[in-house]
Structures are given as C-alpha cells and as structure tokens.
There are 2 protein chains.
Amino acid sequence: MEFSSKILEKAVEEMSQLPGIGKRTALRLVLHLMRQPKAQTQNLSEALMQMRNDVKFCKSCNNLSDSEFCNICSSPKRDTKTICVVEDVRDVMAIENTSSYQGLYHVLGGKISPMDGIGPHDLSIEPLVNKVKRGEVNELIFALSSTMEGDTTNFYIFKQIQEYNIKTSTIARGISVGDELEYADEITLGRSIVNRIPFENSLKL
Amino acid sequence: MEFSSKILEKAVEEMSQLPGIGKRTALRLVLHLMRQPKAQTQNLSEALMQMRNDVKFCKSCNNLSDSEFCNICSSPKRDTKTICVVEDVRDVMAIENTSSYQGLYHVLGGKISPMDGIGPHDLSIEPLVNKVKRGEVNELIFALSSTMEGDTTNFYIFKQIQEYNIKTSTIARGISVGDELEYADEITLGRSIVNRIPFENSLKL
C-alpha cells in the first residue's frame, strides 16, 4: 500500500499489530477516527495507556484487577475453599455470567503448549500448587477448554497436587442445551453417556 | 459483560466504538495488549494521537497529507490539468497502486446520500467546481463507486460544471478481468457491450 502520509502509515502499522487486524482493516479503522472528533481518538489512546499502566494482576488468583486483590478474591460472600482453574480472564467473565458458581478462581494465563513454546513455568501454576500445599483448598475444578493442550495442563496440575488428597473435578462435557443429538461429535456424545447424571439433577438449572 | 476491572472495561468500551469492533473483539484486542510489552500499547496510543493531531487535508485535493499540499499535488511529474474525482483516500491509494494514472485527484470525502444525511455541502464539491471555473482543468474523470449514491454525486457535479465545456469521463464499467461471463450481472454485461472498445486497445495493459 502506498500512503500519502507517513504519519497515517505509522498509525496503520501500529493498528495492524493487533491480532486479526490486517492492513486494510487498520486503514478503515484509522480513517474512521480521522472523521470523528479529536476527543474520540484521545479517549481511546488514554484508555489504552491507563489500562496498560494501571490494571494489575490479582496477587491471589492472577485475574485482572484495579487493586492488589480482585473483587472476587476480596468478596466475603465467596467460598474461598473452592477454586476453579481457568485459562484466562474471559473464562472468569463467562463463568461469572452464569451466576452458578460461588467459589474463587485461579487464572493460569494460558495452557501448556509446546508448539507455541509455552511450558508450565510460563503459567501461574506454582502459586496454585502452593495454595493447595498450604491447605487452603478443598476442591479444585478444572475448567480449561477440552483440547490436547487443555487436557495436558489439567493433567500436569493434577500430578502436582495428587498427594495432597483434595477433591478434584472437571466441568461436564456433553451435548449443549438446544443441540440436536445427530449433529454431536461421537467423543462428546460418548462422554455424555458414560458420565450420565441422575435425571432429577437435570431439573435444577 | 461483568468486568473485574473498571479500567479494563473503559478500554474495551473505547475500543468497541470503532466500526465493526464489538465488545468481545474489543476485549480480545485489549487483552492481547495486556500480554504484550508496554511499549506496544504506548506506540499505538502515540501513533493514533499523532495521526489525529498532525495529519492534514491537502489544501488542493483534500487528500490526507503530512504537509499543506499532498505529495501528489506537489509532484512536478503529474498532469495537473486532469483530475480524477474519488470518494475517499482509499480510492486514491487503490488507483495509485495501478500505476496507470498520472493526473491529480480530488477527494470528495463521501457521496451524496440523503439516507445518511449527507448533502452536497458536507462534501468537498465547491473547491472542485472552483478549480473548473478558474480554468485549471481539462478533463474530469469520475471514479465513484457505481451505486445510486455514486451516480447521484457524479450527476450533481456534472450539472455544476457543464457550462464550462471541459472534457468529462467516467471509469469504464464492465466485466472484471478473469471473471466468467455467465456469472456477470446483466447491467454490467449490457454496459460492457454498449461501451465496447476497439480490440487493439485491450492489448495495451
């Protein structure tokens, strides 16, 4: 692309560093900003800088937070003995949206993935194991996505805490609510039969 | 969406003001920035602010530019008597990429579109008409998109300059290079037959 303005080109260049934003999309976005009042660009720039400078990782669960401990960890209403292990902040938000969980979280910050060069030490696994060691945990719920990497990560953590004899569980795999059986993949369908639940339980939610 | 950090929420809010970026995409983008070095966010913020503050509209053709007159208008190599009328900066870049045009441009900044509340006075039409009035133009090439709005805008400008007896033309409508005839729409196909060109001309590019 041939730009008539170097400054514009620089803005497009920086914008296209974002994941899923190519040069053309970046150009569309910055031209939109050019047509809007200056205040909009200023607000965006300042919000991004403030976020990068001021948002912290919760010292207990590694969730994003404005203060040292996140609002979930510091809430007196939560069951502090149950910890749900998730991959990232979006998973916390997704589970919180269901309003069906009252325990705490532990955000790993990713999954073990040798292909992407992510090993156990790049993730927040040690602080989690330490919590278990200190006897702060009754139940650990694994809520990683059901992929090779997710299963590997689950198993790695499970091995580390096995000796401490706490309860461990994983979220149920099965047919999504509203889905047709005939379109379900066979692994999911198979698991949903093996791990069938008492009918009364299905009436609860 | 329930955010664990207000600052994060603000950043997502601002990011999702951009066209085509919803809340979920915005969250994905800002979380990506959180995982990258601070410098990336800083570069992005600064590039956007600099763009909004320092990029000017060329005083002659309304193209985006770093200086008072854009590099096309101030180039001694261009044919200053031929002006190609386009909708926005992206069209200038697209035509420049073909390397088959040596005249100047005039960027309208949009199309006449009553549905979106855009009238002739919201566009840079008057400066263009003035150029024609001052006798600075030999040929005006209309290169707007072939839609109701584009045709209306072409016709509006044509009416204003009709009396000055300059040459006017519009870019050719026809079957795209590489396209199959059977899939072409009938208006395009019809126009391409009516406005057929000498065979020798088709060998030139």
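The values are calculated or read from the model by the stated rules, or taken from the named source; none is laboratory data. Computed from a prediction, not measured in an experiment: that's the story for all the values here. For neighbour counting, all protein chains shown are included, and Cβ atoms are generated from backbone atoms with ideal geometry for every residue, glycine included. The protein model used for the area step is the full one, side chains on, heavy atoms only, and it has no ligands, DNA or RNA in it. Shrake-Rupley method; radii C 1.70, N 1.55, O 1.52, S 1.80 Å.
Of the residues screened, residue A:77 is not one that is open to solvent by 50 Å² or more (accessible area, probe 1.4 Å) and farther than 18 Å from residue A:102 by Cα.
Of all residues in segment A:95-110, those satisfying the criterion of being open to solvent by 40 Å² or more (accessible area, probe 1.4 Å) and either facing another protein chain (nearest Cβ under 9 Å) or under 19 Å from residue A:130 (Cα atoms) (or both) are A:96, A:97, A:109.
For segment A:35-59, the set of residues classified as in contact with a Lys or Arg (Cβ under 7 Å, 6 or more places away or on another chain) and not hydroxyl-bearing (Ser, Thr, Tyr) consists of A:38, A:47, A:52, listed by residue number.
Condition check ((1) small (Gly, Ala, Ser); (2) closer than 19 Å to residue B:12 by Cα; (3) free of Cβ contacts under 8 Å to residues at least 24 places away in the same chain) across all residues:
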position: A:5; (1), (2), (3): yes, no, yes
position: A:10; (1), (2), (3): no, no, yes
position: A:43; (1), (2), (3): no, yes, yes
position: A:70; (1), (2), (3): no, yes, yes
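Per the listing A:137, A:85, A:132, the residue uniquely among the hydrophobic types (A, V, I, L, M, F, W, C), touching a residue at least 60 places away in the same chain (Cβ under 8 Å) and more than 23 Å from residue B:29 (Cβ to Cβ) is A:85. The residue that is surrounded by the most Cβ atoms within 10 Å (Cβ to Cβ), among those in segment B:111-123 that are under 14 Å from residue B:157 (Cα atoms) and of a type in the set (A, V, I, L, M, F, W, C), is B:112.
Taken as a whole, segment B:16-32 holds at least one residue that is open to solvent by less than 10 Å² (accessible area, probe 1.4 Å), within 7 Å of chain A (Cβ to nearest Cβ) and not in a helix (DSSP H, G or I).
Go through B:2, B:68 for me and flag whichever is charged (D, E, K, R), assigned to a loop (DSSP other than H, G, I, E, B) and facing chain A (nearest Cβ under 8 Å).
None of the others qualify; the one that does is B:2.
Filtered by the rule that a residue be modelled with pLDDT of 90 or more and either outside any loop (DSSP other than H, G, I, E, B) or open to solvent by 100 Å² or more (accessible area, probe 1.4 Å) (or both), segment B:164-186 gives B:164, B:167, B:168, B:169, B:170. Hey, any hits in segment A:113-134 for a residue that's assigned to a loop (DSSP other than H, G, I, E, B) and in contact with a Ser or Thr (Cβ under 6 Å, 6 or more places away or on another chain)? No, the conditions are met nowhere in segment A:113-134. Of the residues B:140, B:144, B:189, the single one that is in a strand (DSSP E or B), open to solvent by less than 100 Å² (accessible area, probe 1.4 Å) and not small (Gly, Ala, Ser) is B:140. Residue pairs whose Cβ atoms lie under 6 Å apart, sitting 6 or more positions apart in sequence or on different chains, and linking a residue in segment B:105-125 that is over 30 Å from residue B:78 (Cα atoms) to a partner that is open to solvent by 30 Å² or more (accessible area, probe 1.4 Å) and not small (Gly, Ala, Ser), are B:113/B:149. In segment A:5-15, of all residues being within 7 Å of chain B (Cβ to nearest Cβ), over 19 Å from residue B:26 (Cβ atoms) and part of a helix (DSSP H, G or I), the one that is least open to solvent (accessible area, probe 1.4 Å) corresponds to A:8.
Rundown of residues vs (1) among the acidic types (Asp, Glu); (2) not assigned by TED's automatic domain parsing to the domain that holds residue A:112, yes/no style:
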| site | (1), (2) |
| --- | --- |
| A:138 | no, no |
| A:148 | no, no |
| A:158 | no, no |
| A:176 | no, yes |
| A:185 | yes, yes |
| A:188 | no, yes |
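When residues of segment B:33-55 are filtered for being over 22 Å from residue A:31 (Cα atoms) and part of a loop (DSSP other than H, G, I, E, B), how many remain? If you could, list the steps in order and put the result at the bottom.
Narrowing segment B:33-55 to residues over 22 Å from residue A:31 (Cα atoms): B:34-39.
Subsequent filtering for residues that are part of a loop (DSSP other than H, G, I, E, B) retains B:36-37.
Looking only at that region, the number is 2.
In the set (1) out of contact with any Phe, Trp or Tyr (no Cβ under 9 Å at 6 or more places or on another chain); (2) more than 8 Å from chain A (Cβ to nearest Cβ), residue B:40 fails one condition alone, (2). Please specify each residue of segment B:80-90 satisfying the condition of being open to solvent by 50 Å² or more (accessible area, probe 1.4 Å) and closer than 15 Å to residue A:2 by Cα. Listed by number, the list holds a single entry, B:90.
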